[in-house]
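This report refers to the structure that appears directly beneath it.
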Amino acid sequence: MPTQPGSIWKTMQEKGYSRREFLQFCSLAAAAAGVSTEATAQVVKAFERKERPPVVWLHFQECTCCSESFIRGSHPIVADVLLDALSLDYTETLQAAAGEAAEKCLHDTIKKYPGKYILLVEGSVPTGADGVYCCIGGRSALEILKETARDAAAVIAWGNCASFGCVQAAKPNPTGATPISKLIGKPVINVPGCPPIADVMAAVVTHLLVFGRAPELDAQGRPREFYGRRVHDTCYRRPYYDAGLFVEAFDDDHARKGYCLYKMGCRGPVTFNACAVTKWNEHTSYPIQSGHGCLGCSENAFWDNGPFYQHLPKFPGFGIESTADTIGAALAVGVGVGIAAHAVSTNIRKRKLIHENVEESVTESPEQQ
Amino acid sequence: MSNRIVIDPVTRIEGHLRIEAVIENGMVTDAYSAGTMVRGIEKILKGRDPRDAWAFTERVCGVCTTVHALASCRSVEDALGITVPKNAELVRNLMFCAQYVQDHVVHFYHLHALDWVDVVSMLKADPVATSRLAQSLSPYAKSSPGHFAAVQSRLKGFVESGQLGIFANGYWGHKAYKLPPEVNLLAVSHYLDALEWQKEIVKIHAIFGGKNPHPNYLVGGVPCSFNLEEVNAINSERLNQVASIIKEAIEFVEQVYVPDLLAIAGFYKDWAGIGGGLDNYLAYGDLPTRGYNDPASFLLPRGAILGRNLNEIHEVNGKAEKEIEEYIAHSWYKYGGGDGVGLHPFAGETEFNYTGPMPPYQQLNVEGKYSWLKTPRWKGHAMEVGPLARMLVAYAKGSTDVKELVGVVLKKLDVPITALFSTLGRTAARGVETQVVAHWMKGFYDELVTNLKNNETRTHTRFHWDPETWPATAEGVGMTEAPRGALAHWIRIKDKAIDNYQLVVPSTWNASPRDAQGQRSAYEAALIGTPVANPAQPVEILRTIHSFDPCLACAVHLHDPQGRHIHQVTFS
C-alpha cells in the first residue's frame, strides 16, 4: 500500500498505529457515519488521501453553542478531526491568528481551493439596516457569506440559527435574522438543533468527506440519516404515552417513575431529531431522559410554537410510520393543522386507546390553562 | 489616526469583538473596544411566558451556557417569592461548578494558551527532557518520554503537511514567546488532552439537564427527579457517574491545568506588571449554601472593591436605584433623556441608533458612538468583573479556601499580592478559582447524597408554578456569576407575561466603550501600557484581552421597557 504524505494513514503510521488499527479506525468512522461494512473500503481510500480537505467555519449571529457542541464529539474526538480528518483553516473560536492574519487564512483558502473547500456556517445573517447588525473586520456578515459561499464545494448550516434563524429570528425578529439557505444560490445542508448533537455534526462532515456527496436530505434540507425520525417515535418513554401514563407536575410521583412528558409540554411529537437514539454527550442522556420535555430545538420557528410548558393541541396519537416530509410540510401550515393532517396516517389499531387515554389525562391536568 | 491599528476579528473568544489601539513607541497609549453584532433577545422576550425565559436567555451564550438560564430562573423566582428545594439548589450548584471547571480549562488551553505557547517551537523539544519536566510538576499519568515523542511526531507531520489549520498564520517565532521548547511541547500535549477531557465534565449537565451545551433548567427547581428505586430517574448509577466525573475533574485540574499555569506563568512574570487597568472590582457572588436569598451563605461572596482597597468590601444591591446604571454615550442607542444620563436596568430604555460607518469600513468613529455594547457603572465607577474580581472579594472577605490557594500560588511564583492586579494575575485567579470550585463541587455532591440518604428527594416546588396564582405585577432580579464575571437579569411581569426583561452581563462591564464622563471600561483601561513589539503581530494585545475571557454574544442586547419602537435605525 503506497503511503501518501500528509494522509491520515501516514499520520497514523507516524503515531505508531498498525495497518490493522488503521483499518479498524476506518470501520469505526464508517460506523459513525452510519454506513455498511461493504462501504468501508471507500472510507479507507478517503483517509489515505493526500491533502486534508480544507474547511472554513464562519460565525455570524450565534452564541457559539454549535462550536462548543462540535468539540464535545466522542467519535471521532475533535483532536483527531482537527489534526487528521480535515484542515480547519478559519474559525474565529479556535484559530491562533487574529485580525488581518485571521482574515488572510480565510482568503488564502478561498483562493487556493476554489470549488474544493467545505463551508460551515454558524449563526444567522441579519439583513436589516444594510448589515450593520453584524460586521466582522469591517465587512457585513452578508458580504462575507456571499464571498465565501461562491466557490464552496458544499455548504453546511450548523444549528438552528444558520438553518432557520433560531432565537434572534423569533418574533419580532428585530435585526432581520435570516437563514443562510435564503441568501446563497446553492444547496445547503441544514443541521438544525440548538445546538446539534456533537456526533451528528461530525458524522455529517464525515459523510461528505468519505462518500464525496451530501447525505440524502429531506424537504427542509436536513439529512434523513439524523432527522428522519420524530423524537416521540424513538423515545424510551413512548410506552407510557401509549399507555396513557403522564407526568402531571414536575417531580411528582409520575416524574419520579419517568412517565411521558407530553402533558408538560414535550415537543417530541413534532420534533425530528436523533436525540432519543444517538443521545447527547457520548450517549449520556437527552432532555426527556433528564426529566424535561423536548423544546423542539431542531424545528423551524420552535420559539414561536406556543409556551414551552403548554402541551401541544390535542391529537389522537402519532404513528411511527410517518415521515419528516409529511409532518414538515404540514407544520408549515400551522401546528394544529399539521397534527390534524398527520393524524390521517396514524396507527389505526392504537388510535382509539390512545385517544381515550390522552383525553382522560388532559382533562385531569391541573396546571393547564 | 494612522497609528491606530485594528484587530477584527479578535479570535479565540466568543462573539464578535473589535479592538482599535493607538500605538506609540511600541506601546498602547489608547484603546477602543467595540462589539459589532447585535441580536435583540430582550425585545423578543416581551409578552412571553416568564417560565420560558430561561430557554431564550440561555441562548444568549453557548460558551457560558447554563448561567443565563440560572439567572433567568432566579429572576422569576425572586419576582414571585419562590424558594427552590435544597436538592434543586445543590443540583444547580453542581451544574454551576461543572460549567466553571469546563469553561476555565477550555479558556486556558484553547482560547488563551496560544498567546503564551509557541506551537512551532515545540518541534525542537527533547521529549525525554519534557518528560522529566512533566514528572517534576505533577503525577499526571501521560508523562512518559514515549508519550511526548508521539505527540511531537504527530504535530511534526501536521506542520510538514503544509496545512496548518487552526495554527495557520499564528505569530510563531515572535520574540514575546518566552517558553523553552520543552514547556511548549508539554503545553501542546495538554492542549490535546484538555480538548478530549472537557467533553467529560459536561456530562454532569447531561445527567441533570439532558444535554450540553444548553441543558434544561426550570423555574421552581430543576427538571430531574431522584428515585433510588427506578431506572427512569436519577438513581445510584447516575450518581456514581457524577462522582466519577468530579473525581477526574479534580485530578485534571490539580495534575494538569494548575501545574501548567504555574509553569508557564513562571516565564512571564513581567506580565504581573502589565494590563492591570481599572482598580475597582465587582462580584455578585454565587454558590448559595442556605438559599439564594442569603448572600452571606455564598461560597463565592458578593461585594465591590474600590481603589484596590482590600480592607473594605462594599455591599452591592441589584435593586437599589442608583447602584447599577447603564450609559450609552458611545453606544449605538439613544435615550429619551439624552445620551449623558445613566439608567438603572428597571428604568432602562433602548432604541437602536446606529451612527457608525457603513460596511465595509476601515476604522470606527471613536469620537462618537462605536459599539453595540452599553456601558454599565456601579455607583458611577467603572468596574472589572470576572475571576480576578471574585477571588479578590473572596480573599478580602476571608474565604479560607481562596486565601490558602492564593497564598500558595503567590509563593510559588514569588510575587506579592499586588501582582494579581495584572494580565497574569487575571489568568492566575482563574486557575485558583477552578481548583477551589472543583473541590466545592465534591462537597455539594456529598451533601446531595446525604439528603437522599435521609429520604429528602424533592427537586421542584409547585408554589406559584401556575400563572393563575401570580400577582398582577411583579419584578425581580436574578444575580449570578458567569465564568467571565457578574451577571444579572431583571424581569418585570405583568398579567402573567414578560413586560420587561433586561440583562447586564460580564462582558458588558468589561468590554464596553467609555461612558459619558469619558471613563474607560476594563478592556480599554487594561490595554494602556501594553507593549506591542510589532503592530502587525499584536500578540501582546491578545494576551491582555484574552485574560478577561471575552464573551461578546452575551454583552450585546437591547431592551425596551416602554414598548417604544426600537427598530428605527438612524444613520449619520
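The values are calculated or read from the model by the stated rules, or taken from the named source; none is laboratory data. Owing to the predicted nature of the structure, the values given are computational and were not obtained by experimental measurement. Virtual Cβ from ideal backbone geometry, glycine too; neighbours counted across all protein chains shown.
Quick notes on this one:
- The residues in the stretch B:489-511 that are in contact with a Ser or Thr (Cβ under 9 Å, 6 or more places away or on another chain), surrounded by fewer than 24 Cβ atoms within 10 Å (Cβ to Cβ) and part of a strand (DSSP E or B) can be counted, and the count is 3.
- Scan of the stretch B:56-81 for residues that are assigned to a helix (DSSP H, G or I), crowded, with 24+ Cβ neighbours inside 10 Å and of a type in the set (A, V, I, L, M, F, W, C), ordered by number: B:67, B:69, B:70, B:71, B:73, B:76
- Selected residue [more than 7 Å from every other protein chain (Cβ to nearest Cβ), in contact (Cβ under 8 Å) with a residue 24 or more places away in the chain and part of a helix (DSSP H, G or I)] from B:42, B:20: B:42
- Residue selected from the stretch A:52-85 under the condition within 7 Å of chain B (Cβ to nearest Cβ) and among the aliphatic types (A, V, I, L, M), by the criterion farthest from residue A:195 (Cα to Cα): A:83
- For beta carbons closer than 7 Å, sequence separation of 6+ or different chains, a first residue in the stretch B:508-531 that is more than 19 Å from residue B:342 (Cβ to Cβ) and a second that is of a type in the set (Val, Ile, Thr) and assigned to a loop (DSSP other than H, G, I, E, B), the qualifying pairs are B:529/B:274; B:530/B:274.
- Scanning the stretch A:149-178 for residues that are within 14 Å of another protein chain (Cβ to nearest Cβ) and either over 20 Å from the mean Cα position of the chain (by Cα) or in a loop (DSSP other than H, G, I, E, B) (or both) yields a count of 8.
- Residue B:481 surrounded by fewer than 21 Cβ atoms within 10 Å (Cβ to Cβ), acidic (Asp, Glu) and in contact with a Phe, Trp or Tyr (Cβ under 8 Å, 6 or more places away or on another chain): no
- Here residue B:149 does not qualify as buried (at least 21 other Cβ atoms within 10 Å of the Cβ) and aliphatic (A, V, I, L, M).
- The residues in the stretch A:179-222 that are crowded, with 24+ Cβ neighbours inside 10 Å and either basic (Lys, Arg) or part of a strand (DSSP E or B) (or both) can be counted, and the count is 3.
- Residues in the stretch A:245-269 that are at the interface with chain B (Cβ under 8 Å from one of its Cβ atoms) and of a type in the set (Gly, Ala, Ser) were compared, and the one that is surrounded by the fewest Cβ atoms within 10 Å (Cβ to Cβ) is A:249.
Rundown of residues vs (1) closer than 29 Å to residue B:235 by Cα; (2) basic (Lys, Arg); (3) outside any helix (DSSP H, G or I); (4) within 26 Å of the chain's Cα centre (by Cα), yes/no style:
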| residue | (1), (2), (3), (4) |
| --- | --- |
| B:415 | no, no, yes, yes |
| B:424 | no, no, no, yes |
| B:449 | yes, no, no, no |
| B:457 | yes, no, yes, no |
| B:465 | yes, no, yes, no |
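Conditions (1) surrounded by fewer than 24 Cβ atoms within 10 Å (Cβ to Cβ); (2) facing chain B (nearest Cβ under 8 Å); (3) of a type in the set (A, V, I, L, M, F, W, C); (4) more than 21 Å from the chain's Cα centre (by Cα), marked per residue:
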position	(1), (2), (3), (4)
A:87	no, yes, no, yes
A:95	no, yes, no, yes
A:98	no, yes, yes, yes
A:101	yes, yes, yes, yes
A:104	yes, yes, no, yes
A:113	yes, no, no, yes
A:122	no, no, no, no
A:129	yes, yes, yes, yes
A:139	yes, yes, no, yes
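- Lone unmet requirement of (1) modelled with pLDDT under 95; (2) surrounded by 24 or more Cβ atoms within 10 Å (Cβ to Cβ) for residue A:75: (2)
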